[in-house]
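**Q** To start, I am sharing the structure in question, which I have written as structure tokens.
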Amino acid sequence: MITHPSGALGDEKYRPQFHFAPEKNWMNDPNGLIYYKGEYHLFFQHNPKENVWGNMSWGHAVSPDLFSWQELPVAITCTEETGIFSGSTVIDYTNSTGFGSVENPAMVAIYTEHKNDKSKQSQCLAFSLDNGRTFTKYEGNPVLDINSPDFRDPKVQWVENQWLMTIARPDLHQISFFTSHNLKEWKHLSDFGPTAEVGGCWECPDLFQLGDKWVLIVSLNPGGYQVGSGTQYFLGQWNGKKFIADDVKTRWLDYGRDNYAGITFNNTPQDRRIFLGWMSNWEYAHTFPTQPWRGAMTLPRELSLHGDRIIQTPINHPNGFPEVSFTTSDGAIRICENNERYVEIGVRNQKLYIDTSRAWCDLDAPTLQEIAIEKGEIDIRVIVDRGSVEVFAVGGAIVLTNLVFVETALTSVQPLAGANNLKVAGLQTTHA
Ligand code: FRU
């Protein structure tokens, strides 16, 4: 269940049932994802006043299990002249900042301060001594200023006894790395890029170890797999100073249209790498026809590595998901509202595809995504909420996240020729 500041359940038309969405107004990127004292914290880019981008502030929600979210009051608020852009949070266990104490360490948010006149983006701190409920902006802000209008989205973590910041130079298609002992003074280490996909700004990076490799996630907009926003990743090693990529192949984290600016949680139990993205696309996000809110997050997904691919596995929902799985080498299923409105997912001509043309609104966006696959039968799992379908194929190595738009909900599954081993939960099965 998702609860909101007013206590309302939020059951309006089109509202997702188990994906986080704010009670009202605009949301984009997830920010400051962290686990602390039994709670997952989700901060997010939020306009507290309107249903379109603007007045960028950090909204906030907490959850014990990544599904039952409680939305809290806005955590960090914009000013007349500046917006609070994307960033991360850390727990300052050693009290390196002096903001808290070792007994009660500060939760420190490292965010980009964006000047509304577009003259500058610099990095700032705010801290909380009450588990993220209230934040105080640091009086010595900014802590990192290179006099650039395009320098944003710091992801900070504690690596080898120092703070490491991974941050985007969007217009240069570069990711820069900085180090610090106290979050206040930063030293430049190195830059990565431009390489692979550079068709748009590089934004919202994340760097982490997965198995025996390091992963660098880079969102880019436009220039995504098909249209608008997309996320690529690089595999390689972090040597304490620089990221050395194994190769410069393009690897898409998601082949769907609607997964952008995703990052992973800091400080999760057992070091699980849990990812959350913004389930939208800058191409049409502003006009997506929901109200009084606009924007939802993807399902939380655990990341692992298999060969040179990231595998995404959705975190289990305590009550299970409405979902369908099947295998095919040449076949499909439809997930339907009725005979007219449905999503078709399958394999043809050695391509995995999703066709949302019968479950879309009048926004201009491509409704057929295809991706070449190896010969043979593949497994496909689809999780269905009001407003979205998330496809996890080939064990989660190929993922397609798409917003959909139907009158009420997709409630039944219709297998077409060539769909084998059908398993359905929380949806009806119908036959043509
Ligand atoms: C990505 C992004 C970030 C920026 C934020 C502003 O979607 O453009 O680079 O910090 O949105 O809301």
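**Q** Per q in 0.15, 0.18, 0.22 Å⁻¹, report the Debye log10 I(q)/I(0) for the stretch 323-429, using one uniform scatterer on each alpha carbon and no solvent.
**A** -0.54, -0.79, -1.20
**Q** What's the percent breakdown of Cα-Cα distances in the stretch 3-314 across 10 Å bins, shortest bin first?
**A** Per 10 Å bin, starting at zero, the Cα-Cα P(r) for the stretch 3-314 comes out as 6, 29, 38, 22, 4 percent.
**Q** Moving on to the next point. For a protection proxy built on the mean count of beta-carbon atoms within 10 angstrom, sort 175-183, 73-81 highest first, please. Can you show the working numbers first?
**A** Details: 175-183: 19.8, 73-81: 16.1.
The most tightly packed comes first, giving 175-183, 73-81.
**Q** Additional query: Sum up the charges of everything whose Cβ sits under 11 Å from the Cβ of Arg301, counting Lys and Arg as +1 and Asp and Glu as -1, but leave Arg301 out. Can you show the working numbers first?
**A** Working: positive: Arg272, Arg273; negative: Asp254, Glu302, Glu390.
Every neighbour counted, the sum reads -1.
**Q** Using per-residue counts of other Cβ atoms within 10 Å, averaged over each peptide, order 337-349, 251-263, 293-305 from highest down.
**A** Numbers: 337-349: 17.7, 251-263: 25.5, 293-305: 22.4.
The most tightly packed comes first, giving 251-263, 293-305, 337-349.
**Q** A follow-up question, please. Could you rank the peptides 419-430, 115-126 by their average count of other C-beta atoms within 10 Å per residue, with the highest value first?
**A** Numbers: 419-430: 14.1, 115-126: 17.9.
Per-residue Cβ counts within 10 Å, averaged per peptide and sorted highest first, yield 115-126, 419-430.
Laboratory data are not the source of any read-out in this text; all were calculated from the coordinates shown. Source: prediction; values computed, not measured. A quick note on method: Cβ atoms are made from the backbone with ideal geometry, for glycine too, and the neighbour counts reach across all protein chains shown.
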